[in-house]
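The values are calculated or read from the model by the stated rules, or taken from the named source; none is laboratory data. Bear in mind that the values here come from a model prediction, so they are computed numbers and not experimental data. A quick note on method: Cβ atoms are made from the backbone with ideal geometry, for glycine too, and the neighbour counts reach across all protein chains shown. The protein model used for the area step is the full one, side chains on, heavy atoms only, and it has no ligands, DNA or RNA in it. Shrake-Rupley method; radii C 1.70, N 1.55, O 1.52, S 1.80 Å.
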Amino acid sequence: MTQDAYNESNTDLLNIELQLLMEAIYLRYGYDFRNYSKTHIKRRVLHHLGINMLSSITQLQDRILRDRAVFNGLLDDLSINVTEMFRDPEFYKSLREKIIPKLRTYAYFKIWQAGCSTGEEVYSIAILLKEEGLLDRCQVYATDFNRKVLEIAKEGVYQKSEIEQFERNYELSGGKNKLSDYYKSRYGSVIFNRELSNKIVFADHNLVTDKVFADVNLILCRNVLIYFEKSLQENVIGLFYDSLVPSGILCLGTKESIKFSRYEHLFDVVDEKQKIYKKKIM
Amino acid sequence: MYKAIVMGASYGGLEALKIILPQFPAGFPVPVIVVLHIGDHDNEIFLGYMNEMCPLQVKEAESNEPIRKGFIYFAPPNYHLLIEADFTFSLTTDEKHNYSRPSIDVLFESAAWAYTKNLIGVVLTGANSDGALGLKTIKDYGGMTMIQSPCSALSPAMPGAALKIAHPEFSLKLEGIADKLIELVNSDR
Ligand SMILES: C[S@@+](CC[C@H](N)C(=O)[O-])C[C@H]1O[C@@H](n2cnc3c(N)ncnc32)[C@H](O)[C@@H]1O
């Protein structure tokens, strides 16, 4: 766990080196982790030192500044890409019941899924839209700041071993068919139908440093804000507010909320438990 | 002066916590933070029940929430619970650790970083080895460490691993744990 180079006697040193590393990364590569949860960053960086047999953060910083590939390695460790299809089935149920009828009233609409990771969530959304007969009426943008996961998301290829869990979630979420209707098996993996991915534009976008998307009807950003400090969470909720059309919908992760943020009164609550909000018409 | 108690429990932990937590009196001067392995299940009903039973307020820990005395906090199912240096909670969905999320090690390590010597860590019954390394970290940072004695635990593996790795100061029967914690917290005030 705790890296040998750092222990109870030099906690201050560790914190100083961490702060310097975040500055260095920002100045060199433009990725801004300065307002991510400090403890989370500390754990991940110590973990990274451990598996790469580096003796100090300063040593890691030296290599990161000179070698993009080393930075990309750390980026993978800092961006937690854990995800699954139809994660939190109750959320998808609520989406189907409460939001789909609203979307149906639009002739054409835009969805932005921020922090898409390896794509499981956005394929889930595409399947839901397909089952509701709305896939042809929309454009879906799926973004992440880690290019490596975006490549995986574009492929839409997943391990067969994970599918069982995905099937279970799909059923619990109120899926109308069989999940296997949407993919083909191939050796040890499954590949999701092109019909789904054709509707999705995958793009590199950093929630901390990049700009708004225009006139989006539905934003999903789940399990990303939990990694941010409060001030940064506020900024990103502001970015979502500015990207949404009036009456546009914002969906956050089950443990994320707009409560206590300065945007709280600018949204109506659609589903308190599933963290679904609607931008007020001002 | 102790500023917080962290507790980890797995198999058999529900029963153990039902005995320990209601013994903390109203006005207990430190927060109690608990990781209980219960799989993916919603723990709303359980928390409601515990809240009824306990003089302290029982609730799920929320992201960014300031940690306050008078509360017993539980990690939400399927998230790791971390303590920040400014004594607020943060949550992550990192990989499972010891096949567990929430993981006791993850909570204990971050708690040791934040509270250093002002912390008491307790490992209760469980069938794995989560919490052992975390308890050692607490000890390394000068905190007080305690386990439920393996022979008195429904499942001895977890306190047993903690005993081996962390050499805790106290190994107590379930019935004696709350009393000892109350004594420790009050004695240095
Ligand atoms: C835990 S995953 C969540 C995946 C999916 N939304 C879900 O809930 O299952 C978090 C994702 O957020 C991405 N992320 C973290 N910080 C980001 C940022 N500043 N901008 C864009 N994406 C970010 C990570 O790369 C990672 O893929």
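A quick yes/no check of all residues on (1) more than 16 Å from the ligand (Cβ to nearest atom); (2) within 14 Å of chain B (Cβ to nearest Cβ); (3) open to solvent by 10 Å² or more (accessible area, probe 1.4 Å); (4) modelled with pLDDT of 95 or more:
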position	(1), (2), (3), (4)
A:G175	yes, no, yes, yes
A:Y187	yes, no, yes, no
A:V245	yes, no, yes, yes
A:G253	no, yes, no, yes
A:L266	yes, no, yes, yes
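Where helices (runs of 4 or more DSSP H) fall entirely within the range A:89-170, those with at least 1 residues that are near the ligand (Cβ under 10 Å from one of its atoms) and crowded, with 18+ Cβ neighbours inside 10 Å are at A:89-94, A:120-131, A:147-155. Please verify whether A:N72 is more than 14 Å from chain B (Cβ to nearest Cβ), closer than 22 Å to B:K96 by Cα and open to solvent by 10 Å² or more (accessible area, probe 1.4 Å), treating the condition exactly as stated. Answer is no for this residue.
Say whether the condition of being among the charged types (D, E, K, R) and either in a loop (DSSP other than H, G, I, E, B) or not assigned by TED's automatic domain parsing to the domain that holds A:S247 (or both) is met by at least one residue in the range A:79-87. So that I can check it myself, show each step before the final result.
Taking the range A:79-87 as the starting set, the residues that turn out to be among the charged types (D, E, K, R) are A:84, A:87.
If we keep only those that are either in a loop (DSSP other than H, G, I, E, B) or not assigned by TED's automatic domain parsing to the domain that holds A:S247 (or both) as well, we get A:84, A:87.
Taking every residue of the range A:79-87 in turn, at least one turns out to be among the charged types (D, E, K, R) and either in a loop (DSSP other than H, G, I, E, B) or not assigned by TED's automatic domain parsing to the domain that holds A:S247 (or both).
Quick grid of which residues meet (1) away from chain A (no Cβ under 14 Å); (2) without any contact (Cβ under 8 Å) to a residue 40 or more places away in the chain; (3) open to solvent by less than 50 Å² (accessible area, probe 1.4 Å):
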{"site": "B:F108", "(1), (2), (3)": "no, no, yes"}
{"site": "B:A111", "(1), (2), (3)": "no, no, yes"}
{"site": "B:Y115", "(1), (2), (3)": "no, no, yes"}
{"site": "B:N118", "(1), (2), (3)": "no, no, yes"}
{"site": "B:L133", "(1), (2), (3)": "no, yes, no"}
{"site": "B:Y141", "(1), (2), (3)": "no, yes, yes"}
{"site": "B:L154", "(1), (2), (3)": "yes, no, no"}
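Once the range A:196-210 is narrowed to residues that are assigned to a loop (DSSP other than H, G, I, E, B) and within 12 Å of the ligand (Cβ to nearest atom), the residue that is surrounded by the fewest Cβ atoms within 10 Å (Cβ to Cβ) is A:T209. Yes or no: the range B:92-106 includes at least one residue that is without any contact (Cβ under 8 Å) to a residue 12 or more places away in the chain and within 11 Å of another protein chain (Cβ to nearest Cβ). Checked the range B:92-106: at least one residue is without any contact (Cβ under 8 Å) to a residue 12 or more places away in the chain and within 11 Å of another protein chain (Cβ to nearest Cβ).
The single condition among (1) more than 16 Å from the ligand (Cβ to nearest atom); (2) open to solvent by 70 Å² or more (accessible area, probe 1.4 Å); (3) in contact with a strand residue (DSSP E or B) (Cβ under 7 Å, 6 or more places away or on another chain) that A:Y182 does not meet is (2).
Just so you know, in the range A:24-53 the residues that are open to solvent by 70 Å² or more (accessible area, probe 1.4 Å) and assigned to a helix (DSSP H, G or I) include one that is farthest from A:A69 (Cα to Cα), and it is A:K38.
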